[in-house]
Amino acid sequence: MRTLFIIPLVLMSLVSFPSWGLTMDDLVIREGSYYKKFTDVPFTGKIEGVTKGSFKTGKRNGQWVGYDQTGQLSFKGYYEDGQLEGEFARYHLNGQLWYQGKYSNDVHHGYWEHFFDNAQLESKGTYQNGTKEGPWEYYHPNGQLM
């Protein structure tokens, strides 16, 4: 009798259990809000995986980070009620900073910098409500101002 009890326990320990953390693959987007698959309630909670962040009533909310398939940081930024807000940075595949700046209500707003994948400055300037404003500086990959 004791053997009959032990065998199922051993077999269960050999089975790989799935991760219980939710990922973006577990969500669907409908009318601008995210829902856990097969539900009608906007999702509130955290997701894990290559993209990590939180949702509040179906909208991205708080700090978000993304990684590529190798684990290299791809982006980091902050959302409020589903819109990018504040500092944002994206990275080249080699890990170098690609661009950084600020968002306001999901559009570029404020000072921005773009970099070549060798970390040399490519351009810099200012946005006002999503539109480039004032003079922008553009650089050659060797660092010379164009």
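The values are calculated or read from the model by the stated rules, or taken from the named source; none is laboratory data. Note that the structure is predicted; figures quoted are calculated from it, not measured. Cβ atoms come from the backbone with ideal geometry, glycine included; neighbour counts cover every protein chain shown. In case anyone asks, the SASA skips ligands and DNA or RNA and just uses the protein heavy atoms, side chains included. Shrake-Rupley method; radii C 1.70, N 1.55, O 1.52, S 1.80 Å.
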Next item on the list: Quickly work out the Tyr111-to-Val65 label distance, labels modelled 7 Å from Cα along the C-beta direction, and quote it in nm with one decimal.
Entry: 2.5 nm
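In the chain, carbon and sulfur make up what percent of the accessible area (probe 1.4 Å)?
On the way: 5570 of 10060 Å².
About 55 percent, which is the carbon plus sulfur part of the accessible surface.
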Note to self: Testing the spin-label approximation: label points 7 Å from Cα along Cα→Cβ at Leu93 and Trp136. State their distance in nm.
What the structure shows: 2.4 nm
Margin query: Can you tell me, using C-alpha contacts under 8 Å and at least 6 residues apart, the relative contact order of the range 47-146 as a whole percent?
Written below: 14 percent
Notebook entry, point to check: Leaving out ligands, DNA and RNA but keeping every protein chain, what accessible area does His109 have, in Å² rounded to the nearest 10, with a 1.4 Å probe?
Noted result: 60 Å²
Margin query: For semi-axes √(5λ) of the Cα gyration tensor in Å, pick the label among (1) 43, 22, 9; (2) 26, 18, 14; (3) 35, 17, 12 that corresponds to the value derived from the coordinates.
Written below: (1)
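Using a cut-off of 13 Å between beta-carbons, work out the net charge of the residues near Gly110 (Lys and Arg +1, Asp and Glu -1, Gly110 not included).
On the way: positive: Lys102, Lys124, Lys132; negative: Glu85, Glu87, Glu113, Glu133.
Residues near Gly110 contribute -1 overall.
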Item checked: Residues with amide H under 5 Å from that of Gly95, placed H, sequence gap 5 or more -> none
Notebook entry, point to check: Can you give the charge dipole size of the chain about its Cα centre, rounded to the nearest 20 debye, using +1 on the beta carbon of Lys and Arg and -1 on the beta carbon of Asp and Glu?
Noted result: 580 debye
Margin query: Sequence gap of 8 or more, or different chains, plus Cα separation below 14 Å: how many lysine pairs satisfy both in the chain?
Written below: 10
Next item on the list: Please determine, in degrees from 0 to 90 and to the nearest 10, the orientation of helix 2-14 with respect to the longest principal axis defined by the Cα atoms of the chain, where the helix direction is its Cα long axis.
Entry: 10 degrees
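What FRET efficiency, computed as 1/(1 + (r/R0)^6) with R0 = 30 Å and r the Cβ-Cβ distance, is obtained for Ser104 and Asp40, rounded to the nearest 0.05? If you can, show how the numbers build up before the last one.
Values: r = 32 Å, r/R0 = 1.07.
For R0 = 30 Å, the calculated efficiency reads 0.40.
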Notebook entry, point to check: Of Met146, Met24, which has the most accessible area with a 1.4 Å probe, and how do the rest follow in descending order?
Noted result: Met146, Met24
Item checked: For the chain: accessible area per residue (Å², 1.4 Å) -> 69 Å²
Check: When the helices in the chain are scored as -39500 (n - 2.57) per DSSP H run of 4 or longer and the sum is shared across all residues, what 222 nm value do you end up with, to the nearest 500 deg cm²/dmol?
Finding: -3000 deg cm²/dmol
Next item on the list: Keeping all protein chains in position, work out how much accessible area Asp106 exposes to a 1.4 Å probe, and write it in Å² to the nearest 10.
Entry: 70 Å²
